[in-house]
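Novice: I am attaching a structure below and will ask some questions about it afterwards.
The values are calculated or read from the model by the stated rules, or taken from the named source; none is laboratory data. Keep in mind the model is a prediction, meaning the values are calculated, not measured. Methodologically, a virtual Cβ is constructed for each residue, glycine included, from the backbone with ideal geometry; neighbour enumeration extends over all protein chains shown. SASA here: full protein model, heavy atoms, side chains in, ligands and nucleic acids out. Shrake-Rupley method; radii C 1.70, N 1.55, O 1.52, S 1.80 Å.
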Amino acid sequence: MKAAQDIVLKPIITEKSMIGIQDKKYTFKVASDATKVDIARAVEELFKVEVSKVNTVSVCGQMRRMGRYAGYTAAWKKAIVTLKADSKPIEFFEGLV
């Protein structure tokens, strides 16, 4: 079993993800082989909150060119974690809003 730090890699800080914080929805970059149950347990362990549901998105790599050479950026997995209504917010994101 992986450690929680190996499942939740980093938070995603964009305008769209910051709007979701009002509804207690937080966005993270996660390990590609992590399941929704693994992600929920990792977020609960790391941030001491109660998770209501987890939505995941597999993000495909984009085509990039450097002169005549072309390739793809790395594919990755994104998780949108919704907290329960009575759960406390994640402190890390509170300073960003």
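Novice: Of all residues in the stretch 25-36, how many are in contact (Cβ under 8 Å) with a residue 12 or more places away in the chain, open to solvent by 60 Å² or more (accessible area, probe 1.4 Å) and farther than 19 Å from residue 92 by Cα?
Specialist: Qualifying residue count, the stretch 25-36: 2.
Novice: Could you tell me which numbered condition residue 22 fails, if it satisfies all but one of (1) without any contact (Cβ under 8 Å) to a residue 60 or more places away in the chain; (2) surrounded by 10 or more Cβ atoms within 10 Å (Cβ to Cβ)?
Specialist: Condition (2) is where residue 22 drops out.
Novice: Something else about it: Which condition number does residue 58 fail, the rest of (1) open to solvent by 20 Å² or more (accessible area, probe 1.4 Å); (2) touching a helix residue (DSSP H, G or I) at 6+ places or on another chain (Cβ under 6 Å) being met?
Specialist: Only one criterion in (1) open to solvent by 20 Å² or more (accessible area, probe 1.4 Å); (2) touching a helix residue (DSSP H, G or I) at 6+ places or on another chain (Cβ under 6 Å) is unmet by residue 58, namely (2).
Novice: Have a look at 13, 39 and point out the one that is open to solvent by less than 20 Å² (accessible area, probe 1.4 Å), under 11 Å from the mean Cα position of the chain (by Cα) and not polar (S, T, N, Q).
Specialist: 39
Novice: State all residues of the stretch 62-97 that are at pLDDT 95 or above and closer than 16 Å to residue 27 by Cβ; if no residue qualifies, say none.
Specialist: Within the stretch 62-97, 76, 77, 78, 79, 80, 81, 82, 83 meet the criteria.
Novice: Further question: Pairs, please: C-beta under 7 Å, at least 6 apart or cross-chain, first residue closer than 14 Å to residue 27 by Cβ and in the stretch 47-61, second open to solvent by less than 90 Å² (accessible area, probe 1.4 Å) and at pLDDT below 95?
Specialist: 47/90
Novice: Can residue 34 be described as in contact with a Gly (Cβ under 6 Å, 6 or more places away or on another chain) and either on the phi > 0 side of the Ramachandran plot or in a loop (DSSP other than H, G, I, E, B) (or both)?
Specialist: no
Novice: Still on this model: Of the conditions (1) over 21 Å from residue 36 (Cα atoms); (2) of a type in the set (Val, Ile, Thr); (3) touching a Leu at 6+ places or on another chain (Cβ under 8 Å), residue 73 clears all except one; give me its number.
Specialist: The failed condition is (3).
Novice: Tell me which strands (runs of 3 or more DSSP E) are completely within the stretch 53-97 and hold 1 or more residues being within 14 Å of residue 12 (Cα to Cα), or say none if there are none.
Specialist: 76-83
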